Amino acid sequence: MRSNSSVAENYSDRNVFAMDTFMTIRAYGDNCEEALQSAEEKIKYLESIFSVTIEGSDINKINNSHGNAVEISPETSEILGEAVKICGETDGALDITLYPVLNSWGFTSDDFRIPEPKEITELLEYVNYSKICVNGRNVTIPDGFQLDLGAVAKGYTSDAVADILRENGVESAVINLGGNIRTFGEKPDGSLWKIAVRDPFDTENDMCVIETREASVVTSGNYERFFEDTDGQRYWHILDPLDGFPADNGLVSVTVIGESGLYCDALSTALFVMGEDMAVDFWRKNQDFDMILVTDLHKILYTDGIEDCFENFTEMPAEVIRRD
Ligand code: AMP
Ligand code: MG
């Protein structure tokens, strides 16, 4: 008979570097190696089609298409279809055609600079997600437009990895794609998964932990990628499509908790752009996710769906946002 007094933790870890990110996948159970190998191959494949910089990737081909239709893989068609839908739902706070503006700031090359407002205004002519036309395996964007899946690729990938592990018989796993975490299945000892969220003001430390069943937990923060000018002013990598400048609407970090990695990833970026009031309105209207907002005034706001499983490690006041 099997004793259930202590369940030995039996797991395998796989580290992968892809999409500019150190990724770790922990799969629980015996014989997970084959599943982890398939997961690693899928990640590398998705990187090879989603990357903006890899020559010959689907996105690279689209960005060099000069207005002509490009044939893409089913995965690119799926992620583009979903992403464009969420761009619309968030009223363009998420806009995957921002690439020309991101480029001019140097966020794509690490050659950081502050573009002239005139330059940004001109480039914004080429930003408008509604001009993306996805038709099955074909996609067309206007000449001069360029796409970038940086805001959604890891979320999509975490879902794809979960699917592959499941198909290969893995029953539970933690997929950590750097700030983009997805758990699946029950933790073998029956307890809830504990997921820590980084303190945006002290990035070496955790701000809080949430306990959850199978979920995606995705954070966007202004500390993840930024540069500073000579006066110490910080410019970060999430831009407001309205003006092409780093989104500075009162939030320094946004964590979204929900079922789909892609949706959570897309929303963490979009809600960061929206700012506190619009993010709360969006949550009240949609209610299919939970979130943790951290404001630039050092206040934490979190939604009532995670009220009983949220533990704050900081001195910052934490307030619950309720559905009304
Ligand atoms: P994330 O870390 O998921 O919030 O994604 C940030 C990345 O998405 C940036 O590094 C850019 O590549 C891209 N990005 C920045 N601002 C936006 C935006 N408003 N909409 C869509 N993608 C964006
Ligand atoms: Mg995102």
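Of all the numbered requirements in (1) farther than 24 Å from Val127 by Cβ; (2) open to solvent by 20 Å² or more (accessible area, probe 1.4 Å); (3) among the hydroxyl-bearing types (Ser, Thr, Tyr), Tyr235 misses one, and that requirement is (1).
Only one of the numbered conditions (1) touching a Pro at 6+ places or on another chain (Cβ under 8 Å); (2) outside any loop (DSSP other than H, G, I, E, B) is not met by Tyr126, and that is (2).
Condition check: away from ligand 2 (no atom under 16 Å from the Cβ), modelled with pLDDT of 95 or more and not charged (D, E, K, R). Does Ser3 satisfy that? Criteria not met by Ser3.
Please verify whether Ser158 is at pLDDT below 95 and within 15 Å of ligand 1 (Cβ to nearest atom), treating the condition exactly as stated. Judged against the criteria, Ser158 is not a match.
Checking each residue in the range 234-248 for being closer than 16 Å to Gly92 by Cβ and either under 16 Å from the mean Cα position of the chain (by Cα) or within 16 Å of ligand 2 (Cβ to nearest atom) (or both) picks out Ile238, Leu239, Asp240, Pro241, Ala247.
Taken over the range 38-64, residues that are over 21 Å from Ala151 (Cβ atoms) and small (Gly, Ala, Ser) amount to 3. For the residues Ser191, Ser216, the requirement of being within 16 Å of ligand 2 (Cβ to nearest atom) and either under 20 Å from the mean Cα position of the chain (by Cα) or not aromatic (Phe, Trp, Tyr) (or both) singles out Ser216. Selection within the range 272-302: residues that are charged (D, E, K, R) and more than 18 Å from Cys208 (Cβ to Cβ). The member of this set that is most open to solvent (accessible area, probe 1.4 Å) is Lys285. Only a single item in (1) more than 11 Å from ligand 2 (Cβ to nearest atom); (2) touching a strand residue (DSSP E or B) at 6+ places or on another chain (Cβ under 9 Å); (3) more than 19 Å from Cys87 (Cβ to Cβ) is not met by Asp231, and it is number (2). You will find that of Asp290, Asp277, the residue that is in contact with a helix residue (DSSP H, G or I) (Cβ under 6 Å, 6 or more places away or on another chain) and away from ligand 1 (no atom under 16 Å from the Cβ) is Asp290 and no other. Can you confirm whether the range 17-33 contains a residue that is within 16 Å of ligand 2 (Cβ to nearest atom) and open to solvent by 20 Å² or more (accessible area, probe 1.4 Å)? The answer is yes, given that some residue of the range 17-33 is within 16 Å of ligand 2 (Cβ to nearest atom) and open to solvent by 20 Å² or more (accessible area, probe 1.4 Å). When every residue of the range 63-72 is checked against the conditions, at least one turns out to be of a type outside the set (Asp, Glu), within 23 Å of the chain's Cα centre (by Cα) and not assigned by TED's automatic domain parsing to the domain that holds Val174.
Checking the condition in the same structural domain as Asp290 (by TED's automatic domain parsing), within 16 Å of ligand 1 (Cβ to nearest atom), of a type in the set (Gly, Ala, Ser) and crowded, with 23+ Cβ neighbours inside 10 Å, which residue from Gly244, Gly261 passes? Every option except Gly261 fails the conditions.
Restricting attention to the range 99-143, report how many residues are of a type in the set (Gly, Ala, Ser) and open to solvent by 40 Å² or more (accessible area, probe 1.4 Å). Here the count works out to 3. Considering Glu41, Glu9, the condition of being farther than 29 Å from Pro246 by Cα and in contact (Cβ under 8 Å) with a residue 40 or more places away in the chain is satisfied by Glu9 alone.
So for the range 57-72 (the condition being open to solvent by 50 Å² or more (accessible area, probe 1.4 Å) and in contact with a Ser or Thr (Cβ under 9 Å, 6 or more places away or on another chain)), does at least one residue qualify? Yes, the range 57-72 contains at least one residue that is open to solvent by 50 Å² or more (accessible area, probe 1.4 Å) and in contact with a Ser or Thr (Cβ under 9 Å, 6 or more places away or on another chain). Put simply, of Val174, Val209, Val217, Val170 the only residue that is over 19 Å from Pro241 (Cβ atoms), outside the structural domain of Ala93 (by TED's automatic domain parsing) and within 16 Å of ligand 1 (Cβ to nearest atom) is Val217.
The values are calculated or read from the model by the stated rules, or taken from the named source; none is laboratory data. This is a predicted model, so every value here is computed, not measured. No Cβ is skipped: glycine too gets one built from the backbone with ideal geometry, and neighbour counts run over all protein chains shown. These area figures cover heavy atoms from the full protein model, side chains too; ligands, DNA and RNA do not enter into them. Shrake-Rupley method; radii C 1.70, N 1.55, O 1.52, S 1.80 Å.
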